[in-house]
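Trainee: One structure, as structure tokens, below. Some questions next.
The values are calculated or read from the model by the stated rules, or taken from the named source; none is laboratory data. As the structure is a prediction and not an experimental result, all values here were calculated from the model. Note that we place each Cβ from the backbone using ideal geometry, even for glycine, and neighbour counts take in every protein chain shown.
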Amino acid sequence: DSGVTQTPKHLITATGQRVTLRCSPRSGDLSVYWYQQSLDQGLQFLIQYYNGEERAKGNILERFSAQQFPDLHSELNLSSLELGDSALYFCASSLTGGVTDTQYFGPGTRLTVL
Amino acid sequence: AQTVTQSQPEMSVQEAETVTLSCTYDTSESDYYLFWYKQPPSRQMILVIRQEAYKQQNATENRFSVNFQKAAKSFSLKISDSQLGDAAMYFCAYASPYSGAGSYQLTFGKGTKLSVIP
């Protein structure tokens, strides 16, 4: 158990809908990362937050948005869902967000878009 | 942009034997960090080992060790005395210290599925 929690574990929804994925970092970690794992694209970095502020952005679609709240939990919002958004979404956390940190991954949320 | 290539989609090893997983990467940076992550059937991503490029000594963690060849841009993972619990997807990853202050992102390879034969 990494100490990173993600809810829900599974999510099934329809095209065009909007969903919110939630992540709670390990106790004491200030930085949160989101990754998408799909069969065709592999594991891709989406976005990083540190203490409520966006720090780095990867291949995140405009239909997706994220934020980190004052209690340090983070949410990833996915809207206007398409079939291709079906994937495993991971949250990771680290202490300071710097490259000398280790990123600890949560168990992931499996999103299925029908 | 950095890229990470794992040329072996699948590998198998006999229990108690040794196996080496390959990884190559492409970068123009002189300083960077390399990682091997394990993803068992539970889907949890688990850090196995990390290597800082400025360190010449190869990293080791118990039965896991790496062969880091900076000039060749190669970063292979050796698993000794393979155990059934080692069966998993293994991902090689790269991180740059130049992404910006207090930020970094992992760039992953496509992964190698390791099977351990009893």
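Trainee: List the strands (runs of 3 or more DSSP E) inside the range B:1-66, counting only whole elements, that have at least 1 residues being buried (at least 16 other Cβ atoms within 10 Å of the Cβ), more than 14 Å from chain A (Cβ to nearest Cβ) and modelled with pLDDT of 95 or more.
Mentor: Here the list reads B:10-14, B:19-21, B:24-26.
Trainee: Name the residue that is farthest from the chain's Cα centre (by Cα), counting only residues in the range A:64-114 that are within 12 Å of another protein chain (Cβ to nearest Cβ) and without any contact (Cβ under 8 Å) to a residue 24 or more places away in the chain.
Mentor: Per the stated criteria, the residue is A:THR100.
Trainee: Could you check the range A:7-48 and list, in sequence order, the residues that are loosely packed, with under 13 Cβ neighbours inside 10 Å and among the hydrophobic types (A, V, I, L, M, F, W, C)?
Mentor: Once the filter is applied, which keeps residues that are loosely packed, with under 13 Cβ neighbours inside 10 Å and among the hydrophobic types (A, V, I, L, M, F, W, C), the range A:7-48 yields A:ILE12, A:ALA14, A:LEU39.
Trainee: So A:LEU39 passes all but one of these: (1) of a type in the set (A, V, I, L, M); (2) over 15 Å from the mean Cα position of the chain (by Cα); (3) facing another protein chain (nearest Cβ under 10 Å). Which condition number does it fail?
Mentor: Just one mismatch for A:LEU39, condition (3).
Trainee: Okay, next question. All but one of (1) part of a loop (DSSP other than H, G, I, E, B); (2) of a type outside the set (Lys, Arg); (3) more than 9 Å from chain A (Cβ to nearest Cβ); (4) at negative phi hold for B:SER103; state the number of the condition that does not hold.
Mentor: Tallying (1) part of a loop (DSSP other than H, G, I, E, B); (2) of a type outside the set (Lys, Arg); (3) more than 9 Å from chain A (Cβ to nearest Cβ); (4) at negative phi, B:SER103 fails exactly one: (3).
Trainee: The conditions are (1) under 18 Å from B:TYR94 (Cβ atoms); (2) at pLDDT below 95, and A:SER2 fails exactly one of them. Which is it?
Mentor: Among (1) under 18 Å from B:TYR94 (Cβ atoms); (2) at pLDDT below 95, A:SER2 violates only (1).
Trainee: With part of a strand (DSSP E or B) and closer than 13 Å to A:ASP85 by Cβ as the only criterion, which of A:GLN6, A:GLN44, A:GLN17 stands out?
Mentor: When all the criteria are applied, what remains is A:GLN44.
Trainee: Here's a check for you: in the range A:51-63, which residue that is of a type outside the set (Lys, Arg) and within 14 Å of chain B (Cβ to nearest Cβ) is surrounded by the most Cβ atoms within 10 Å (Cβ to Cβ)?
Mentor: The residue in question is A:ALA56.
Trainee: Turning to a different aspect of this structure: Does B:TYR90 satisfy the condition of being assigned to a strand (DSSP E or B), more than 9 Å from every other protein chain (Cβ to nearest Cβ) and over 30 Å from A:GLU53 (Cα atoms)?
Mentor: yes
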